[in-house]
Amino acid sequence: MGDSSDEEYLGTEWLPYRERPEWVDVEPLAQEDGANPVVSIAYSQKFREVFDYMRAVIASGEKSQRALDLTTDALRLNPANYTVWQYRRDILRDLKADLNAELDYLSEVISQNSKNYQVWHHRRVIVEMLNDPSNELELTENALVNDGDAKNYHAWQHRQWAIRTFKLFDDELNFVDRLICEDQRNNSAWNQRFFVIKHFGFTPDLVQRELSYTMNRIRIIKNNESAWNYLVGVIRQGENGKGQLNSYPEVVQFVEEIYQSGNRSPYLLAFLIDLYQEQALQLKHGDSEQLARKVYGLCDEMASKHDTIRRKYWQYVANHLKNQLSKVETKQQQQ
């Protein structure tokens, strides 16, 4: 990290550790790169000094307030350094430090490094030590909404952990619905909805409600991969986890009406291909021919017009169905 970044994080009133009276008893420990390092990193003087002292403190096992302050400087320079975070936790435990103050510190760090795994992991450990999740939903909401990144994987992961660990499911659907209303293509929000619904259980009533919810969203944006994936996921969870795409007549009618209206969303066509494949394989050979022709025609549409980048995949799907139907026919003839 260059000097300009160092100044941004540590300010211009920087006093080198070697000039600080309280550190006179510590001999900094330089990084050992060997006689001929393959790649010599151009550390700034400030960065090199802070981590030289950090290595010395870790080597001696010192756990004190000054060591804790040193970790703060080191993490400002490199907030992704797992070793420093781990040693900071060791110091906090040894000093029996104020963990609520640590959460305040972490909120500041997360606001500047919201996609840093190490800081979120450290936060999780501190929350576990406190056994207090009271700030976590607000924190993650800020990271997802106010910081303008509603698909931040680390924030979602932390939010799911807090909700699952401390049973905070009650109001989550309202939060998720708000995010979906703001951006119906937010796959992370749809994933969170599935996470919450799965906790409550895919009862018949809940499945019907989610199917209606999703179909209404698709009516608004028909070319929305997230909603189509969610629709399939909910159907599969129906009938005690054995749901088929044709298990719900209202869904079959819905997708066929969209197709008949002239819409050719690739996600609609992919749904129909899977639907007709399942139906064809459930019928006797003679009765399945019409459905098979639908699959072949839709696969050809996908390969030639709507999803050409996966042309060979759709050709494979059509050929695979032909092979499956051939096996079914042979089996039926032998009976």
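The values are calculated or read from the model by the stated rules, or taken from the named source; none is laboratory data. Since we're looking at a predicted model, the values are computed, not measured. Cβ coordinates were reconstructed from backbone atoms using ideal geometry, including for glycine residues, and neighbour counts include every protein chain displayed. The accessibility values were calculated without ligands, DNA or RNA, using every heavy atom of the protein model including side chains. Shrake-Rupley method; radii C 1.70, N 1.55, O 1.52, S 1.80 Å.
Selection of the stretch 126-144 for residues being closer than 16 Å to V109 by Cα and either open to solvent by less than 70 Å² (accessible area, probe 1.4 Å) or not charged (D, E, K, R) (or both) yields I126, V127, N135, E136, L139, T140, E141, N142, A143, L144. The residue pairs whose first member lies in the stretch 67-88 and is modelled with pLDDT of 95 or more, whose second member is of a type in the set (G, A, S) and buried (at least 18 other Cβ atoms within 10 Å of the Cβ), and whose beta carbons are closer than 6 Å, counting only pairs six or more residues apart or on different chains, are V84/A74. Against the conditions (1) touching a His at 6+ places or on another chain (Cβ under 7 Å); (2) of a type outside the set (S, T, Y); (3) modelled with pLDDT of 95 or more, K115 satisfies every one except (3).
Against the test of being surrounded by 14 or more Cβ atoms within 10 Å (Cβ to Cβ) and either of a type in the set (V, I, T) or farther than 30 Å from Q332 by Cα (or both), the options R236, R219, R264 yield a single qualifying residue, R264.
The residues of the stretch 275-295 that are part of a helix (DSSP H, G or I) and either touching a residue at least 60 places away in the same chain (Cβ under 8 Å) or surrounded by fewer than 16 Cβ atoms within 10 Å (Cβ to Cβ) (or both), listed by number, are E278, L281, Q282, G286, D287, E289, Q290, R293. Among D147, D183, D205, D171, which is in contact with a Leu (Cβ under 9 Å, 6 or more places away or on another chain) and either open to solvent by less than 70 Å² (accessible area, probe 1.4 Å) or acidic (D, E) (or both)? Criteria check complete, one pass: D171.
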